[in-house]
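Here's the structure we're looking at; comments come further down.
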Amino acid sequence: MTWFASPADAASRLSSVGYLTDAATATTSFLAGALEKPLLLEGPAGVGKTELAKAVSRATGAELVRLQCYEGLDEARALYEWNYKKQLLRIQAANAGNGAFDWDEAHDDIFSEEFLLTRPLLTAIRREEPTVLLIDEVDKTDIEVEGLLLEVLSDFQVTIPELGTVAAARRPYVVLTSNASRELSEAVKRRCLYLHLDYPDAAREREILATQVPDIDDRIAEQLVATVGRLRDLELKKAPSIAESVDWARTLIALEIKDLDEKAVADTLGVVLKHASDHEKAIRELRLGKK
């Protein structure tokens, strides 16, 4: 399968599903498919890293398989595990039969395909249909988990001791995202193409708003983008994401606010800032509610 024919094709098709790219993003998205290399996206939370994987899925008609990473993630949740309850029942049933119990036969039976529970990495490897594998927030896992990923990222295969090696019938389009909360290993980085995503400039964010919220007035969109830019400069605990900008635009339309003045900003700040300390800082620094 050809994921994208060219960088221009990537830009066009991603745009058609609502994801606006710059030249670097379009080119790297194309190369990830053309070279069949995993794509590592790094950058602040809320700049569209996860959304890019979803957009590739929508643009190409591929199924999205997502592995959400977190502290404590292990092989059983990422790759596969055995259905122990079902295995135990099968052993009990065999033991209760009229014939002599054959442990070797039972062992071969309970470690067969019937008792295998697949998790996202193995699911993506085994799918014969086009698949986008999203390994989201990989920096939140323990570094040991990265070892589980290496075989998938380099050889597109998974080794199950009892069954052997399962190689990808069709290589998935792999996207890893990281908020850079910790440095990833060089082994993971070597296997990936790398792209750093940051907040869009004002012009591109206005384009995104126009695409996502076509009813937004140009003037209020400009006010919103300018205010979001000021908020992002405040070094808040959690800066407004692109998705929150879109939510804010929809909020203003729902409330029929025609002018994003200081009162309107103060009244709707909860749409884009989710920490009390950030609210206090924004009200103080932007001098909201003074008029």
Checking the condition under 15 Å from the mean Cα position of the chain (by Cα) and on the phi < 0 side of the Ramachandran plot, which residue from 152, 188, 174, 145 passes?
174
Only residues in region 54-68 that are under 12 Å from residue 177 (Cβ atoms) count as the first member; pair them with residues that are among the hydroxyl-bearing types (Ser, Thr, Tyr), Cβ under 9 angstrom, at least 6 apart or cross-chain, and list the lot.
54/19; 66/50
When you check residue 105 against the structure, is it in contact (Cβ under 8 Å) with a residue 60 or more places away in the chain, outside any strand (DSSP E or B) and surrounded by fewer than 19 Cβ atoms within 10 Å (Cβ to Cβ), yes or no?
no
Counting only residues that are more than 27 Å from residue 60 (Cβ to Cβ) and of a type outside the set (S, T, N, Q), give me the helices (runs of 4 or more DSSP H) lying completely in region 120-194 with at least 3 of them.
143-155
I'd like the full set of residues that are basic (Lys, Arg) and outside any loop (DSSP other than H, G, I, E, B), limited to region 227-245.
230, 232
Could you list, in sequence order, all residues of region 191-222 that are open to solvent by 50 Å² or more (accessible area, probe 1.4 Å) and closer than 30 Å to residue 153 by Cα?
191, 194, 196, 198, 199
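Rundown of residues vs (1) touching a strand residue (DSSP E or B) at 6+ places or on another chain (Cβ under 9 Å); (2) part of a helix (DSSP H, G or I); (3) under 17 Å from residue 1 (Cα atoms), yes/no style:
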residue: 58; (1), (2), (3): yes, yes, yes
residue: 66; (1), (2), (3): yes, no, no
residue: 71; (1), (2), (3): no, no, no
residue: 77; (1), (2), (3): yes, yes, no
Answer residue from region 226-242, given it is under 13 Å from residue 274 (Cα atoms) and crowded, with 16+ Cβ neighbours inside 10 Å and is farthest from the chain's Cα centre (by Cα) among those:
231
Residue 188: passes all of (1) within 24 Å of residue 11 (Cα to Cα); (2) open to solvent by less than 60 Å² (accessible area, probe 1.4 Å); (3) in contact (Cβ under 8 Å) with a residue 60 or more places away in the chain but (1)
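The values are calculated or read from the model by the stated rules, or taken from the named source; none is laboratory data. The structure presented is a predicted model; accordingly, all values stated were derived computationally and were not measured. Cβ: placed from backbone, ideal geometry, glycine included. Neighbour counts: every protein chain shown. Please note that ligands, DNA and RNA were not included when accessible areas were found on the heavy atoms of the full protein model with its side chains. Shrake-Rupley method; radii C 1.70, N 1.55, O 1.52, S 1.80 Å.
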